[in-house]
Amino acid sequence: MPLALTDLCRHPIVQAPMAGGPSGPELAAAVGEAGGLGHLAAGYKSVDAMREEIRELRGRTTAAFGVNLFMPQPSAGGAADAVAAYRDRLAPEAARLGVEFGDPDGSTDDAYEAKVDALLQERVPVVSFTFGCPSRAVLDALAEAGTRTVVTVTSPAEARAAQWSGADAVCVQGFEAGGHRGTHTDDPAEDGTGSPLGLLSLVAQVRETVQLPIIAAGGLMRGAQIAAVLAAGADMGQLGTAFLLCPESGASATHQQALTNPAYTRTAMTRAFSGRPARGLANRFLTEHSDHAPAAYPAVHYLTSPLRKAAAKAGDADGLHLWAGQGFRQIRKLPAGQLVRTLAGELAAAREALAGRAPQPAAGLPGAPFSARDTAHRP
């Protein structure tokens with residue numbers, strides 16, 4: 001039986017797997033060495049590139065780590081006309097940057113099966129999944145290899161599906177989170193309705209729905225916020241935006257500079273860059289094109305990829321996807337190890353303060369913390 005997630009690291013602090021560059025071996029190693037749980041992001045990478053990063057990370061540290069996979073997505077064939085119309089709308093953007101559009105008919109499975117096979121061979125400590133829930137066969141195979149599995153969820157119903165499929169834990173993603181929403185289905189009817197739940201409410205509801213360990217993600221930037229989600233029923237807190245300014249981060253210089261640029265005052269959800277809802281700084285591209293972007297992931301992602309790469313290279317923050325959570329204004333420019341230690345200190349202080357104020361349980365009433373929910377949960 002593999003170790004529980006909380007036994008893999010000294011602190012209940014998880015570095016989010018941010019696809020597209022930020023979450024590489026250097027960042028994951030620094031987080032792991034400081035006592036957190038680092039993550040590699042395999043999304044948009046080839047199988048060979050994923051293996052190379054795993055081996056580089058293992059050369060940097062013996063600390064446990066996770067690897068995140070994207071679940072296969074349905075074909076956007078029915079949205080071809082909408083994608084073509086969006087391409088026409090973005091033609092001035094491509095002309096301004098001097099690039100051609102990408103091919104919207106790229107792979108919809110992100111080499112999922114091949115990556116699962118490679119991870120079974122690599123026997124990594126943790127594998128997490130985004131944009132859906134794997135089959136029981138995949139989760140059981142990873143369990144046999146000694147790997148803990150985590151499924152990203154955005155609702156109690158998704159958490160229930162993850163439990164019945166045999167996941168070892170769920171990453172509960174609140175509406176505050178930066179980057180893509182990890183929903184299991186992409187329903188445009190929910191865009192702008194306000195129906196997605198904030199993190200504290202979602203953690204509490206999932207805690208009452210399943211008996212799986214919970215990693216809470218969404219807007220966390222301080223140790224006191226981690227303490228709050230732990231008090232609400234989570235076992236660990238996951239932070240992404242908080243690590244973007246670390247020197248070990250692979251985020252582009254343009255992205256990093258925008259995070260502290262006073263011109264960007266808020267975040268917003270958008271489909272403009274990828275065709276799937278994602279939270280980022282509200283820049284010109286997001287503002288001008290969000291209302292016209294079709295629900296067609298990953299077709300729109302492939303279509304706009306050359307534009308985004310050219311904008312990053314040119315230092316054009318208004319033409320780039322600037323993924324960030326709602327707490328981005330609290331970002332700190334610290335080495336990743338120092339940030340983990342700072343968060344751990346803030347968490348300890350917050351827990352001590354809470355313990356000092358908390359009423360003691362009456363004699364004869366249960367007062368022990370719920371600490372055994374990582375056992376015997378697989379159906």
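The values are calculated or read from the model by the stated rules, or taken from the named source; none is laboratory data. Small disclaimer: the values here were computed from a predicted structure and weren't measured. For neighbour counting, all protein chains shown are included, and Cβ atoms are generated from backbone atoms with ideal geometry for every residue, glycine included. Ligands, DNA and RNA are excluded from the accessible area calculation, which covers all protein heavy atoms including side chains. Shrake-Rupley method; radii C 1.70, N 1.55, O 1.52, S 1.80 Å.
What percent does the relative contact order of the range 85-229 come to when contacts are Cα pairs within less than 8 Å and at least six residues apart? Display every interim value, and only then the final one.
Values: 190 pairs, mean separation 29.3, N = 145.
The value is 20 percent.
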Probe 1.4 Å, all protein chains in place: accessible area of Arg96 in Å², nearest 10? 130 Å²
Charges at C-beta only: +1 for Lys and Arg, -1 for Asp and Glu. How large is the resulting dipole of the chain about its Cα centre, in Debye rounded to 20? 1060 debye
If one takes the longest principal axis of the Cα atoms in the chain, at what angle in degrees, from 0 to 90 and to the nearest 10, does the Cα axis of helix 223-232 lie? 70 degrees
For the chain, with the dipole built from +1 on Lys and Arg beta-carbon atoms and -1 on Asp and Glu ones, taken about the Cα centre, which of Val203, Ala344, Gly66 lies farthest toward the positive end? Ala344
Can you divide the C-alpha Rg of the range 217-363 by 2.2 N^0.38 Å and report the result to two decimal places? 1.26
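Could you list the chymotrypsin sites (Phe, Trp or Tyr not before Pro) in the range 1-80 that lie in coil according to DSSP, counting only those with at most 12 other Cβ atoms within 10 Å of their Cβ? Before the final figure, lay out each step's value.
Values: sites: Tyr44, Phe65, Phe70; in loops: Tyr44.
Qualifying residues, ordered by number: none.
Can you work out the accessible area per residue across the range 18-65, with the rest of the protein chains kept in place, probe 1.4 Å, in square angstrom? Mind dumping the intermediate values first?
Working: 1760 Å² over 48 residues.
Here the residues of the range 18-65 average 37 Å² of exposed surface.
Return the percentage of antiparallel bridges among DSSP beta bridges fully within the chain, rounded to the nearest 5 %.
Values: 7 of 35 bridges.
That works out to approximately 20 percent antiparallel.
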Which of Cys171, Cys133, Cys246 fluctuates most in a GNM of the chain (C-alpha springs under 10 Å)? That residue is Cys246
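Averaged per residue, what accessible surface does the range 147-304 expose to a 1.4 Å probe, in Å²?
Working: 4980 Å² over 158 residues.
Per-residue accessible area for the range 147-304 comes out at 32 Å².
Given a 1.4 Å probe and every protein chain left where it sits, what share in percent of the accessible area of the range 205-268 is carbon and sulfur?
Values: 990 of 2110 Å².
For the range 205-268, the apolar C and S fraction of the accessible surface comes to 47 percent.
At most 12 other Cβ atoms within 10 Å plus a DSSP loop assignment makes a site exposed; report the longest stretch of the chain without any exposed GluC sites (Glu not before Pro).
Details: sites that count: Glu100, Glu208.
Value returned for the longest uninterrupted segment is 209-379.
Tell me, what does the Kirkwood hydrodynamic radius of the chain come to in angstroms if you use every pair of distinct C-alpha atoms?
After inverting the pairwise mean of 1/r, the radius is 21.1 Å.
Please get the size of the charge dipole for the range 1-94, origin at its Cα centre, with Cβ charges of +1 on Lys and Arg and -1 on Asp and Glu, quoted in debye to the nearest 20. It would help to have the intermediate numbers written out before the result.
Working: 8 positive and 10 negative charges, 32 e Å.
So the magnitude is around 160 debye.
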Under a GNM of the chain (C-alpha, springs under 10 Å), which listed residue has the highest mean-square fluctuation: Ser249, Ser107, Ser274? Ser107
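How large is the charge dipole for the range 112-237, taken about the Cα centre, if only the Cβ atoms of Lys, Arg (+1) and Asp, Glu (-1) carry charge, to the nearest 20 debye?
Using Cβ point charges on Lys, Arg, Asp and Glu, the range 112-237 gives about 340 debye.
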Using +1 at the Cβ of each Lys and Arg and -1 at the Cβ of each Asp and Glu in the chain, identify which of Leu354, Ser305, Val153 lies farthest towards the dipole's positive end. Leu354
Most mobile of Ala157, Ala143, Ala263 in a GNM of the chain (Cα contacts under 10 Å): Ala263
